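Below is one structure; the comments refer to it alone.
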Amino acid sequence: MPAVVFEHVDYSYIDINGAFQALEDINLRVDSGEFVCLLGRSGCGKSTMLSLIAGLAKPSAGRVLVDGAEVAGPGPDRSIVFQNYSLFPWQKALKNVVFALRQTHPGMTKETACEQALGLLERVGMSEGADRYPFQLSGGMRQRVAIARALAVNAPIMLLDEPFGALDPSIRKKLQDMLLELWDDDASKCCKTAIFVTHDVDEALILADRIVFMEPKHVVKDFILPARQPGQTGEDRLEQPGIKAIKREVLELFEKAPRGKGDEE
């Protein structure tokens, strides 16, 4: 059974300029265990699709299914990482992760939750920052904590909405490699499905098993990427011949793509 299915999905909303259609007749299937990147210019509807999967919005027409059931709202089977970190500012890094553990495992003791939270922070390279508040952490460190918290939920589907978009290039590369290490580690992966929103071509090529390229309102084309080798860094992956050929085609699509709402590039 596929993890996520879009069936003839439309999505419209009303703002100060009137009615706007963000998605039109979207049909998409994401299989269990896939790492899929939704790629396209800003404003083409990528984040809207993530919101529909998360249950934070409802389609105007059609259906979004998760594990065969129509999405009716947020649920513990889907964790989400936003670009703006979304940590509780009044809680230290450790407590942010402990909160996620105890919300999804109500019977877990405080001691067990703390132990597991420390393990998750260690996995993302944040064990030394466990006792710091979010305002005491850099952007990259805050996003590491956000990913640890998403892993704590242990949901079969992880949704990531441009989680590295606000970071400088060097930190971004480190976190991309960290995410791949977690993904390739069976103990961390737990057969999760990942759907990652980005408008950065290299980021999509580094991370994805499959790229879904979007133009405003529509899915335009799917790209199945060559298998990633265990331990392969992002820079290594970009040098694969098959990846280079796909990059050329994706860049051509970007050049021809119409701009989405709010895209001022």
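All of the numbers you see were taken from the coordinates with simple rules; none came from a lab. Being a predicted model, the structure only gives us computed values, none of them experimental. Cβ placement follows ideal geometry from the backbone for every residue including glycine, while neighbour counts extend to all protein chains displayed.
Each of R149, R210 was scored by other Cβ atoms within 10 Å of its Cβ. Arranged with the fewest first, they read R210, R149. Highest average first, the peptides 248-255, 54-61, 71-78 ordered by how many other beta carbon atoms sit within 10 Å of their residues are 54-61, 71-78, 248-255. Between their Cα atoms, which of K58/K247; K46/K92; K58/K221; K58/K217 are more than 26 Å away from each other? Listed pairs above 26 Å: K58/K247; K46/K92. A straight chain from S60 to F20 at 0.36 nm per residue would run longer than the Cα-Cα distance by 13.3 nm.
Of interest is the spacing of the C-alpha centroids, which for region 118-187 and region 1-60 amounts to 25 Å. With the Cα gyration tensor of region 139-232 giving a ≥ b ≥ c as the square roots of its eigenvalues, does the rule (a/c under 1.5 for rounded; else a/b larger than b/c for prolate; else oblate) give rounded, prolate or oblate? It is rounded, given that a/c, with a ≥ b ≥ c, falls under 1.5. Helix content alone sets the calculated 222 nm mean residue ellipticity of the chain: runs of n ≥ 4 DSSP H residues at -39500 (n - 2.57) each, divided across all residues, give -11000 deg cm²/dmol.
In terms of packing, defined here as the mean over residues of other Cβ atoms within 10 angstrom, the peptides 89-100, 222-233 line up highest first as 89-100, 222-233.
Please compute the modelled spin-label separation between E249 and S86, points set 7 Å along Cα→Cβ, answer in nm with one decimal. Placing both labels 7 Å beyond Cα along the Cβ direction yields 3.3 nm.
Under 5 Å between amide hydrogens, built in the peptide plane, is the criterion, and for S12 it picks out A22, S60 among residues at least 5 positions away or on other chains. Out of [x] 165; [y] 138; [z] 148, which label holds the value of volume of the Cα convex hull per residue in Å³ that was computed here? Computing volume of the Cα convex hull per residue in Å³ and matching it to [x] 165; [y] 138; [z] 148 gives [y].
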